[in-house]
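Worksheet: the structure to be examined is printed underneath.
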Amino acid sequence: MGDDWNDKNLSKKRAKAGVIGGLPVGMKFDREQGKKLQNFLEPLCIEFYRVLKPGAFCVVFSQRRLYHRSTMALDLAGFEIRDLLGWKYEGQAKAFSQNHFIKKDKKLSEDEKQNLIAELEGLKTPQLKPQIEPMALAQKPKFGTFVENWQKYKVGLLNTKETLDGKFPGNIMEVSKKSRHKETNEKIEHMTIKPVALISHLIRLFTQKGQIVLDPFSGSGSHGVAALENERGFIGFEIEKKYYDISLKRLNKTISR
Ligand SMILES: C[S@@+](CC[C@H](N)C(=O)[O-])C[C@H]1O[C@@H](n2cnc3c(N)ncnc32)[C@H](O)[C@@H]1O
């Protein structure tokens with residue numbers, strides 16, 4: 001969402017939940033936001049490309065309105081865009097009624113206000129209940145065929161025995177947001193904490209035991225917990241000491257289990 005992501009800014013936004021810059025959340029359109037995100041991601045994607053083995057996967061969580069920007073950054077770095085994945089969760093309706101603005105409009109008479117409110121009954125800002133967080137599934141180009149690449153690097157194929165629902169794994173992955181609290185058994189440790197069950201599923205789909213998972217924005221360390229639980233190695237980067245400490249605690253707890 002820009003390069004001003006830090007704990008202080010987030011806390012300020014949280015305090016004013018529901019309204020950002022006088023506009024309802026999700027309604028603030030700033031074309032520069034998408035460009036800034038892509039500019040931020042482009043050099044990172046070049047580094048992801050550099051450190052991954054041929055055929056290895058890179059999964060980038062994004063935001064529905066800015067997904068195309070993250071995908072472009074991956075594409076420009078040389079990755080093949082393999083799929084659009086979606087984390088499906090319960091969602092919470094966020095669309096806003098216009099009644100408040102109509103009532104405050106000095107240009108309208110009381111009758112006009114009542115008529116307009118009646119006319120707009122059920123009509124709200126264009127925000128469907130968000131129930132999906134998109135991810136770009138990118139792959140570093142392979143060396144030769146899938147088999148040749150596998151023989152050389154042991155990556156590049158999908159583990160189709162891995163499933164969330166007993167069926168062939170699909171690109172829509174339904175995992176409850178509520179499972180996050182059960183896992184940590186504590187209060188929410190991070191504003192955007194991911195369910196370990198979801199990350200475990202991704203890790204089992206795209207990597208093998210003993211391989212290394214990299215999360216360059218690791219927050220409270222959910223990806224590390226999932227990696228260790230699935231017998232993978234883990235490298236994480238986290239800029240905020242507070243979240244780094246939380247992730248260390250969670251990783252140590254996972255190791256001692
Ligand atoms: C979306 S959150 C990750 C949440 C994580 N998936 C979890 O389950 O807790 C992104 C994290 O990236 C961190 N971050 C932002 N810029 C960073 C940077 N340049 N280097 C390392 N971490 C950074 C933020 O502090 C934040 O905790």
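A few remarks follow.
- Label-zone membership for segment 194-218, site ARG82, 7 angstrom Cα→C-beta point, backbone N under 14 Å: 202-208
- Between GLN98 and THR192, the simple spin-label model (points 7 angstrom out along Cα→Cβ) gives 3.1 nm.
- By the beta-carbon count within 10 Å of each Cβ, the least crowded to most crowded order of VAL213, VAL196, VAL59, fewest first, is VAL59, VAL213, VAL196.
- The per residue volume of the convex hull around the alpha-carbon atoms of segment 90-198 is 221 Å³.
- Cα centroid separation - segment 25-94 against segment 202-252, whole Å: 19
- Entry for segment 206-257 at q = 0.18, 0.19, 0.20, 0.29 Å⁻¹: log10 I(q)/I(0) = -0.50, -0.55, -0.61, -1.10, Debye formula applied to identical alpha-carbon scatterers, no solvent contribution.
- Antiparallel DSSP beta bridges within the chain, as percent of all bridges there, nearest 5: 70
- Shown here are the Rg and Dmax of the Cα trace of segment 162-257, at 13.1, 41 Å.
- Along the chain, the longest continuous region that contains none of the chymotrypsin sites (Phe, Trp or Tyr not before Pro) in a DSSP loop with at most 16 other C-beta atoms within 10 Å is 30-142.
- Projected-area average for the chain over all orientations - Cα convex hull basis, square nanometres: 16.9
- As a proxy for reagent exposure, ranking CYS45, CYS58 by other Cβ atoms within 10 Å from fewest up yields CYS58, CYS45.
Taken together, the values in this text are just the output of simple stated rules run on the coordinates, not laboratory data. This one's a predicted model, so the numbers in the text were calculated from it and none came from an experiment. Neighbour counts run over all protein chains shown; Cβ positions are idealised from the backbone, glycine included.
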